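The values are calculated or read from the model by the stated rules, or taken from the named source; none is laboratory data. Just so you know, these numbers come straight off a predicted model, no measurement behind them. When we count neighbours, we look across all protein chains shown, and the Cβ atoms used for this are built from the backbone with ideal geometry, even at glycine. In case anyone asks, the SASA skips ligands and DNA or RNA and just uses the protein heavy atoms, side chains included. Shrake-Rupley method; radii C 1.70, N 1.55, O 1.52, S 1.80 Å.
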Amino acid sequence: MTCEELLQYLSDYIDQNLDEELTAAAQEHLATCHNCRVVLDTTQQTISLFREQGKRTIPTLRRQRLFDQLQDAFLQAEADC
Amino acid sequence: MYSEQELVTTLRRRDPDAFTFLFESYSDKVYRLAAGLLEDDMEAEGVVQESFLRLFERLDRFEGRAKISTWLYRVAYNAAMDRLRQRRPTMMLDFAADDDDIPAPVILADWRDVPERLLTEAEIKAELDKAITALPEKHKAVFILREIEGLSTQETADITGISISAAKVRLHRARLFLRERLAESLAQHA
Ligand SMILES: [Zn+2]
């Protein structure tokens, strides 16, 4: 496998979507190619940083207000029927 | 806990507990997608509100072909993209074609331990925000849905109205783009 091919298959490799043959070829390449190893490792680090940081929620006060507004609209629809 | 079908049925009866369950289960998810795309908290809240109201209107005709979460995400995605188009009508939201060559990685320093070793939580968050802001929206949506919301490729494709193979390509591009951006800002510390 070449560096270009490794790059093309990188996401499928990370997600374990490659068949056995391609997985083996990727592993073989990664064992000897420092640059591709770094790209793989830093891509995985990128993903995990976003996964850890990504779980933001609606700010509490505004969340409560939104809840109240939507609940009113939800229950109001019944009264209209 | 409700099954999908129970939830639709109890929502149709305007059961307050079903509403609470719906809101607690999905409001933050929809908000994260909208806030990620719009980068504006108030507008993102508007999208949440719009999506839930739309669902209430449709409840009687909701056929359960899609999961409620998929349906809400899809409505929110479309609403957010509409708002983006209004905000900058001349801007092409699709400037990166899916079949363009994938750019080769440029920065090859290993910065993996930099965030934990040298940066505070807030600094890491600022770097991540800076990186994702620069990502084209259609890639951003797929990245948020797959990596942050943890959805499958199929669900992500359904929500954004693209094929599974396009969803895979966009995720791949998004990952490499974000890697490169973080590398630019972090490798100097390595
Ligand atoms: Zn290589």
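Below, the figures for the structure above:
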read-out	value
Every residue from segment A:34-46 that is within 7 Å of chain B (Cβ to nearest Cβ) and crowded, with 18+ Cβ neighbours inside 10 Å	A:VAL38, A:VAL39, A:THR42, A:THR43, A:GLN45, A:THR46
Residues being touching a residue at least 60 places away in the same chain (Cβ under 8 Å) and open to solvent by 50 Å² or more (accessible area, probe 1.4 Å) - total across segment B:1-19	1
Members of segment B:11-56 that are at positive phi and within 14 Å of the chain's Cα centre (by Cα)	B:GLU39
Answer residue from segment A:2-18, given it is out of contact with any Asp or Glu (no Cβ under 7 Å at 6 or more places or on another chain), open to solvent by less than 90 Å² (accessible area, probe 1.4 Å) and in a loop (DSSP other than H, G, I, E, B) and is farthest from the other protein chains (Cβ to nearest Cβ) among those	A:THR2
Candidate set: segment A:47-76, residues that are open to solvent by less than 50 Å² (accessible area, probe 1.4 Å) and among the polar types (S, T, N, Q); chosen: the one farthest from the other protein chains (Cβ to nearest Cβ)	A:SER48
Hits in segment A:63-81 (condition: of a type outside the set (S, T, N, Q) and modelled with pLDDT under 95)	A:LEU75, A:ALA77, A:GLU78, A:ALA79, A:ASP80, A:CYS81
Given (1) away from the ligand (no atom under 16 Å from the Cβ); (2) open to solvent by 70 Å² or more (accessible area, probe 1.4 Å); (3) facing chain B (nearest Cβ under 7 Å), index of the condition A:GLU21 fails	(3)
Search result, residues across segment B:20-54 that are farther than 30 Å from B:LYS130 by Cβ, in contact with a Ser or Thr (Cβ under 9 Å, 6 or more places away or on another chain) and open to solvent by less than 10 Å² (accessible area, probe 1.4 Å)	B:PHE52
All positions within segment B:49-68 that are within 19 Å of B:THR156 (Cβ to Cβ) and in contact with a Phe, Trp or Tyr (Cβ under 8 Å, 6 or more places away or on another chain)	B:ILE68
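Residue by residue, here is whether (1) under 16 Å from B:ASP110 (Cα atoms); (2) more than 16 Å from the chain's Cα centre (by Cα); (3) at pLDDT 95 or above holds:
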position: A:LEU6; (1), (2), (3): no, yes, yes
position: A:SER11; (1), (2), (3): no, no, yes
position: A:GLU20; (1), (2), (3): no, yes, yes
position: A:HIS29; (1), (2), (3): no, yes, yes
position: A:HIS34; (1), (2), (3): yes, yes, yes
position: A:VAL38; (1), (2), (3): yes, yes, yes
position: A:THR43; (1), (2), (3): yes, no, yes
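Matching residues to (1) more than 9 Å from chain A (Cβ to nearest Cβ); (2) within 23 Å of A:ASP15 (Cβ to Cβ); (3) open to solvent by less than 30 Å² (accessible area, probe 1.4 Å); (4) part of a loop (DSSP other than H, G, I, E, B):
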| site | (1), (2), (3), (4) |
| --- | --- |
| B:VAL106 | yes, no, no, yes |
| B:ALA109 | no, no, no, yes |
| B:GLU116 | yes, no, no, no |
| B:ALA122 | yes, no, no, no |
| B:LEU128 | no, yes, yes, no |
| B:VAL142 | yes, yes, yes, no |
| B:ASP158 | yes, yes, no, no |
| B:LYS168 | no, yes, no, no |
